[in-house]
Amino acid sequence: MIVNLFPTQIYRNVISIASTVLKPLLADTRSILDSEDASHPDLGPKTFSTFNRNNQLQNNPLLEPLVAEINTAIAECWKEFNYYHGLTPFINEMWLNETLPGGLTVVAHNHSPYPLAGVLYLQAEEGMGNIIFENPNNLVVGTQPHNWGGTNEVNGGIQEITKIQTNDIIIFPGWLRHSGEVNNTNMPRYAISFNVGCRGEYPISTYMRKT
């Protein structure tokens, strides 16, 4: 009998109105995406971001209904992850990524020290590239004699592909390393990324916990 210990959880859902904000949001941010500041060290070729110039899109009035739904998803994720109820999560940073044909997020990276990070796909059709998560035990897993042809695995389980499509929202622990596949279509992929902070007092020991 096989027993799996210490699973890594991610949250995923669908926000149906996500794609409807793409056109007005692009009109609002086009000058940033076309600027020299649109490059970022974590992004690969032909991938651009508003992060350096505007990573506070959660305050954009155009996105108010969408941000409300993202906040609902964050609250659900916080509860499902069994994170401390005395802390209140909130969006600390939010930005738009544009991945042109042939582009990718080449560098596996995390969003530590944020407790949660997330991505909402505004335009992500078949062939535009999925998100790849890295096994947090990759240094150990990579030394094992695995069958390297797993259905949804990359490099024998060191990484795993999570398939995405338009309107998908995925929230995951901030420490979880991830990257993005190549966009193999002739259309750009668009995604809103965000980092989640939290407010409140956290008892770091059961001896300090208030009843």
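The values are calculated or read from the model by the stated rules, or taken from the named source; none is laboratory data. For clarity, every value in this text was computed on a predicted model and none was experimentally measured. Virtual Cβ from ideal backbone geometry, glycine too; neighbours counted across all protein chains shown.
Considering only residues in region 156-207 that are in contact with an Asp or Glu (Cβ under 7 Å, 6 or more places away or on another chain) and of a type in the set (D, E, K, R), the one that is farthest from VAL107 (Cα to Cα) turns out to be GLU160.
Conditions tested, residue by residue: (1) part of a helix (DSSP H, G or I); (2) at positive phi; (3) at pLDDT 95 or above.
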site: PHE6; (1), (2), (3): no, yes, no
site: GLN9; (1), (2), (3): no, no, no
site: THR20; (1), (2), (3): yes, no, yes
site: LEU26; (1), (2), (3): yes, no, yes
site: PHE48; (1), (2), (3): no, no, yes
site: LEU63; (1), (2), (3): yes, no, yes
site: TRP95; (1), (2), (3): no, no, yes
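Tallying residues that are modelled with pLDDT of 95 or more and farther than 27 Å from LEU100 by Cα within region 174-211 yields 3. Confirm whether TYR114 is buried (at least 16 other Cβ atoms within 10 Å of the Cβ) and not in a strand (DSSP E or B). Yes. Within region 65-92, which residues are hydroxyl-bearing (Ser, Thr, Tyr) and assigned to a helix (DSSP H, G or I)? Within region 65-92, just THR72 meets the criteria. A single member of THR99, THR8 is touching a Leu at 6+ places or on another chain (Cβ under 7 Å), over 12 Å from PHE194 (Cβ atoms) and not aliphatic (A, V, I, L, M), and it is THR8. Checking region 68-84 against the condition returns a match, with at least one residue being touching a residue at least 40 places away in the same chain (Cβ under 8 Å), under 15 Å from the mean Cα position of the chain (by Cα), closer than 21 Å to ALA27 by Cβ and surrounded by 13 or more Cβ atoms within 10 Å (Cβ to Cβ).
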